[in-house]
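Read through the structure below, which is laid out as structure tokens, and then see the notes.
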Amino acid sequence: MGILDSILAGVAGNVLGGRGGMGGLLGGRGGRSNVLIALLPIVLRMLANRRGGPGAARGATTPGLGGLGALAGMGGLGALLGRFQQNGYADQAQSWVSTGENQPIPPEAVSQVFDHDELSEIASQAGVSEDEARTGLSALLPQVVDYLTPQGQLPDADQLGSRVDQIEQELQQYTV
């Protein structure tokens, strides 16, 4: 099972395991969600604080993945986790980093963490509605953060970049 399969399987497990209301995210090609696949490169670039795709830290960009615009200034993984903590979701955010089970977040939490303009930009870049982006991010963020923090702590910039590159390379192979 590849990296992408592991992440999406985790999302599917959470969705089908009782988080109701998100069944529409699943389906499509190989049981993978088109919404989640569309959101994943944006989430990865946000968490890695990058403007492009694989190799962006070295000045390269990946065709088809585009840039983040204003979202690139969000500060990366640590800053995003800080946003969740500041908005009352500290326990959930910590569970994604720790080695235990990931606590879910409701789609409404995404609206508290991202302002309207940010959520609108995410949705636009993914080619989905704001509601789809909100719901997709609430399912995807816990799994992606969990994958990026396997030792139960935030990785250094090089480790984070390497893990993001791995996921983006697999995603690119899937979407080509």
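The values are calculated or read from the model by the stated rules, or taken from the named source; none is laboratory data. The structure displayed is predicted, hence computed values, not measured ones. In this analysis, Cβ positions are derived from the backbone assuming ideal geometry, glycine residues included, and neighbour counts consider all displayed protein chains.
Every residue, every condition in (1) within 14 Å of Gly78 (Cα to Cα); (2) assigned to a helix (DSSP H, G or I); (3) out of contact with any His (no Cβ under 6 Å at 6 or more places or on another chain), yes or no:
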{"site": "Gly136", "(1), (2), (3)": "no, yes, yes"}
{"site": "Leu140", "(1), (2), (3)": "no, yes, yes"}
{"site": "Gln143", "(1), (2), (3)": "no, yes, yes"}
{"site": "Tyr147", "(1), (2), (3)": "no, yes, yes"}
{"site": "Gly152", "(1), (2), (3)": "yes, no, yes"}
{"site": "Gln159", "(1), (2), (3)": "yes, yes, yes"}
{"site": "Arg163", "(1), (2), (3)": "no, yes, yes"}
{"site": "Glu170", "(1), (2), (3)": "no, yes, yes"}
{"site": "Gln173", "(1), (2), (3)": "no, yes, yes"}
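Could we say that Ala93 is surrounded by fewer than 18 Cβ atoms within 10 Å (Cβ to Cβ), at pLDDT 85 or above, part of a helix (DSSP H, G or I) and not polar (S, T, N, Q) here?
no
Can you tell me which of Gly52, Gly88, Gly64, Gly30 is of a type in the set (Gly, Ala, Ser), modelled with pLDDT under 85, in a loop (DSSP other than H, G, I, E, B) and at positive phi?
Gly64
Check whether at least one residue in the range 98-106 is of a type in the set (Ser, Thr, Tyr), more than 21 Å from Asn49 (Cβ to Cβ) and touching a residue at least 24 places away in the same chain (Cβ under 8 Å), and report yes or no.
The answer is yes, given that some residue of the range 98-106 is of a type in the set (Ser, Thr, Tyr), more than 21 Å from Asn49 (Cβ to Cβ) and touching a residue at least 24 places away in the same chain (Cβ under 8 Å).
Val15: modelled with pLDDT under 50 and β-branched (Val, Ile, Thr), yes or no?
Yes: the conditions hold for Val15.
For the range 112-131, indicate whether the set of residues that are under 19 Å from Leu40 (Cβ atoms), outside any helix (DSSP H, G or I) and modelled with pLDDT under 90 is non-empty. Break it down into steps so the answer makes sense when it comes.
Kept after step one, since they are under 19 Å from Leu40 (Cβ atoms), are these residues of the range 112-131: 113-114, 118-131.
Narrowing further to those that are outside any helix (DSSP H, G or I): 114, 127-129.
Next cut, modelled with pLDDT under 90 only: none.
No; the residues of the range 112-131 include none that is under 19 Å from Leu40 (Cβ atoms), outside any helix (DSSP H, G or I) and modelled with pLDDT under 90.
Determine whether Arg163 is at pLDDT below 90 and surrounded by 19 or more Cβ atoms within 10 Å (Cβ to Cβ).
On the way: at pLDDT below 90: yes; surrounded by 19 or more Cβ atoms within 10 Å (Cβ to Cβ): yes.
Here the answer is yes, as Arg163 does meet what is asked.
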